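Have a look at the structure below before the remarks.
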Amino acid sequence: MWNPLWSVGPWLLLLLLQLAGASIHGSMEAVAPLPSVPNFVTNPLLRTGYHFQPPKNWINDPNGPLYYKGWYHLFYQYNPRGADWVNTLWAHSVSRDLINWNLLGLALEPSIRPDKYGVWSGSATILLDGTPVLVYTGINRQDIPYQVQNIAIPKNKSDPLLREWVKPDYNPIIVPESGMNVTQFRDPSTAWHIDGQWRILVGGEKGSQGQAYVYRSTDFKHWVRAKHPLHSAINGMWECLDFFPVLMQGKKGLDTYEHSARVKYVLKSSLEKARYDYYTIGTYDNRTESYVPDDLNGDYHRLRYDYGKFYASKTFFDPAKQSRVLVGWANESDTVPDDIAKGWSGIHAIPRKIWLDPGGKQLVQWPIEEVEQLRRKSVSVTNKVVKPGDHFEVKGLETYQADVEVTFKIRSLERAEPFDQAFSDDAQKLCRMKGADKKGGVGPFGLWVLASANLEEKTVVFFRIFKDGHGKPVILMCTDPTMSSLGRDLDKPTYAGFVNADISSSGQISLRSLIDHSVVESFGAGGRTCIISRVYPSIAIGKNAHLHVFNNGDVDIKVSRLTAWEMESSKMNNSV
């Protein structure tokens with residue numbers, strides 16, 4: 001579980017502590033917004049329409065998503081007292097489709113000695129008899145965040161909504177041993193069962209290396225640590241570990257207990273220092289309790305689920321759809337005072353179906369199909385050529401809450417710029433240097449979303465094509481929010497990743513962007529590269545938001561087909 005207090009500057013830390021004290025000793029309404037907060041920040045149209053978020057206050061990590069008796073359950077870190085990170089508990093929402101959500105209230109809060117000072121992140125596991133179990137990190141000391149692992153079980157497992165949870169008296173089930181960093185030992189994974197034993201991972205840090213500690217149990221009560229970690233590597237604390245099998249071929253998902261020669265394994269960790277989610281694909285040997293990435297350099301050049309604001313993610317197996325689904329947190333890009341003023345902070349990305357790319361080197365992600373049920377009015381553009389330096393507006397619908405799918409056809413790759421290998425591990429730096437407004441050979445081309453009428457504000461999602469020393473295309477995908485708002489004190493970094501797709505023969509590449517007031521969630525080349533960004537327009541809000549296609553390259557770009565849909569708001573925080 002990410003703690004923002006561990007990474008802020010001294011002045012912000014002081015402010016956070018002051019605000020936290022106010023939220024503990026009084027209602028958030030008693031904290032007056034600071035004078036520096038601009039009016040547009042509190043505009044309700046900056047709140048998302050179909051991305052998950054509670055009615056108010058702070059949320060972060062998704063915890064223990066699962067499917068049970070016809071309902072999807074989402075637990076998440078939540079502060080019931082305000083829009084800052086303090087006093088986080090486990091809140092609980094349920095859904096029939098992962099898009100429309102019903103709020104149930106709190107699932108876990110401090111109530112026993114092993115979690116007296118905090119209920120932090122964890123996971124859910126379905127036992128062999130069908131009983132769901134929550135395993136989570138508890139804080140049992142006030143002076144330091146001493147971290148232990150606890151368990152909770154349903155009070156009534158015949159209740160499909162799992163409204164009440166109890167904590168057995170054998171908690172804690174796992175405690176740090178001598179020599180371990182007791183403040184860096186958290187976020188137990190979903191368990192898996194093989195050869196008569198359960199396994200679970202707990203994240204840790206030893207020196208500068210992240211650790212994936214393995215614990216084994218025959219009864220899910222008494223746990224013993226394996227001699228060696230499942231895997232470890234540099235880069236510091238490994239939070240929110242996830243470990244699951246994927247088929248080598250096909251999009252079908254697997255439960256954690258499904259093991260065969262036809263699977264690979266994914267080990268994902270959230271890096272506390274970088275605040276990004278990274279994963280490797282490799283081989284798991286349960287006899288030696290070891291995991292080896294396929295790419296020997298995988299630990300140093302690891303893949304990311306998402307190259308934007310995406311963290312503390314968790315996957316689960318959906319037996320109804322036979323798929324593995326990914327849920328992640330996207331935090332805000334404005335200031336803490338802004339969050340306090342507007343009364344909410346944090347959203348979750350649209351759940352994504354994930355599977356192994358046929359090449360076996362990365363995962364592919366795509367929004368679950370249920371989000372398409374929100375599509376309403378649409379417009380289409382076909383076979384439209386965009387000349388160098390030109391752009392056109394997609395008219396006929398409101399685009400502040402939209403779903404846009406477009407396929408671009410590149411007439412020629414001959415004018416592509418040479419690729420500098422110095423950027424091979426730093427797409428984000430390359431995007432900063434060669435932004436959306438800097439002319440290139442092939443590109444930049446793509447979308448201006450949440451754009452004002454005079455284009456004073458715009459968020460840009462684009463591709464730029466280079467060619468390597470062998471003449472093969474290198475595809476850069478970027479989201480550039482540097483002109484997204486006239487508001488100050490906003491975090492507006494560019495986000496970028498390379499796209500593992502060969503367009504040498506087809507000359508085509510696709511883009512899908514889910515636009516939702518203050519979030520732009522984009523999928524390049526069918527979900528091979530994903531970027532989610534948080535933006536807060538001060539002008540391009542609501543009906544004042546526009547959508548354009550642009551081309552700042554030297555060669556023609558054809559829009560083979562573009563379809564944009566207005567999106568209806570999902571039903572959020574209803575009661576059941």
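The values are calculated or read from the model by the stated rules, or taken from the named source; none is laboratory data. Since we're looking at a predicted model, the values are computed, not measured. Quick reminder, even Gly has a Cβ in these numbers, built from the backbone with ideal geometry, and neighbours come from all protein chains shown. Protein only, heavy atoms only, side chains kept; ligands, DNA and RNA dropped before computing areas. Shrake-Rupley method; radii C 1.70, N 1.55, O 1.52, S 1.80 Å.
Across all C-alpha atoms in region 292-372, the radius of gyration and Dmax reach 16.0, 48 Å.
Figure the gain on full extension for residue 502 and residue 571 (residue separation times 0.36 nm, minus the Cα-Cα span) and round it to one decimal in nm.
20.9 nm
Each principal axis of the Cα cloud of region 376-567 was evaluated for its coordinate range; sorted largest first, these ranges are 47, 38, 27 Å. Sort by residue number and report every cysteine in the chain with no other cysteine beta carbon within a distance under 4.7 Å. If one checks each Cβ against the other cysteines of the chain, 240, 530 turn up with nothing under 4.7 Å. Accessible surface of residue 347, taken over heavy atoms with a 1.4 Å probe and every protein chain present, rounds to 0 Å². Rounded to the nearest whole Hz, the Karplus-based 3J(HN,Hα) values (6.51 cos²θ - 1.76 cosθ + 1.60, θ = phi - 60°) of region 133-143 follow the sequence 9, 9, 10, 8, 8, x, 9, 10, 9, 8, 6, with x at glycine and proline.
With +1 on the Cβ of every Lys and Arg and -1 on the Cβ of every Asp and Glu, and nothing else charged, how large is the dipole of the chain about its Cα centre, in debye rounded to the nearest 20? Could you put the intermediate results ahead of the total?
Details: 64 positive and 61 negative charges, 143 e Å.
Dipole size: approximately 680 debye.
For the peptides 358-371, 503-516, the ranking by mean Cβ contacts within 10 Å, running from highest to lowest, is 503-516, 358-371. Subtracting the Cα-Cα distance of residue 194 and residue 42 from 0.36 nm times their residue separation leaves 49.6 nm of extension gain. Highest mean first, the peptides 107-120, 267-280 sorted by other C-beta atoms within 10 Å per residue fall in the order 267-280, 107-120.
All distinct Cα pairs of the chain go into the 1/r average, and the inverse of that average, the Kirkwood radius, is 24.4 Å. Using only Cα atoms and rounding to the nearest 10 degrees, what angle (0 to 90) does helix 10-25 make with the longest principal axis of the chain? With rounding to tens, the tilt is 60 degrees. Close amide H contacts of residue 237 (hydrogens built in the peptide plane, cut-off under 5 Å, sequence separation of 5 or more or a different chain): 272, 273.
Cross-link reach is defined here as a Cα-Cα straight distance under 19 Å, omitting same-chain residues fewer than 8 places apart; for residue 384 the lysines meeting it are 395, 409, 558.
How big is the charge dipole of region 234-331 about its Cα centre, in debye rounded to the nearest 20, if each Lys and Arg gets +1 on its Cβ and each Asp and Glu gets -1 on its Cβ?
Result for region 234-331 is approximately 320 debye, rounded to the nearest 20.
Evaluated on region 61-367, the Kirkwood hydrodynamic radius is 19.5 Å, with distances taken between all distinct Cα atoms.
The H on the amide N of residue 89, modeled in the peptide plane, is under 5 Å from the matching H of 78, 79, each at least 5 residues off or on a different chain.
Region 381-443 and region 473-542 have their alpha-carbon centroids 10 Å apart. Considering region 467-527 at the alpha-carbon level, its Rg and Dmax are found to be 14.8, 45 Å. For region 291-301, backbone phi angles converted through the Karplus equation (6.51, -1.76, 1.60; θ = phi - 60°) give residue-by-residue couplings of 10, 10, x, 4, 8, 5, 9, x, 6, 10, 10 Hz, Gly and Pro being listed as x. Between the amide H of residue 276 and those of 271, distances stay under 5 Å, these residues lying 5 or more places away or on another chain, with hydrogens modeled in the peptide plane.
For residue 227, the lysines whose Cα falls under 16 Å of its own Cα, not counting residues fewer than eight places away in the same chain, are 206.
Here the Karplus relation 6.51 cos²θ - 1.76 cosθ + 1.60, evaluated at θ = phi - 60°, turns the backbone of region 320-336 into coupling constants of 5, 9, 6, 9, 9, 10, 10, 10, x, 9, 10, 7, 7, 10, 9, 8, 4 Hz, with x for every Gly and Pro.
Which whole-angstrom value gives the distance between the alpha carbon centres of region 192-206 and region 272-323? One Cα centre to the other: 15 Å. Look at the dipole of region 376-567 built from charges on Cβ: of 478, 454, 535, the Cα furthest out on the positive end belongs to 454.
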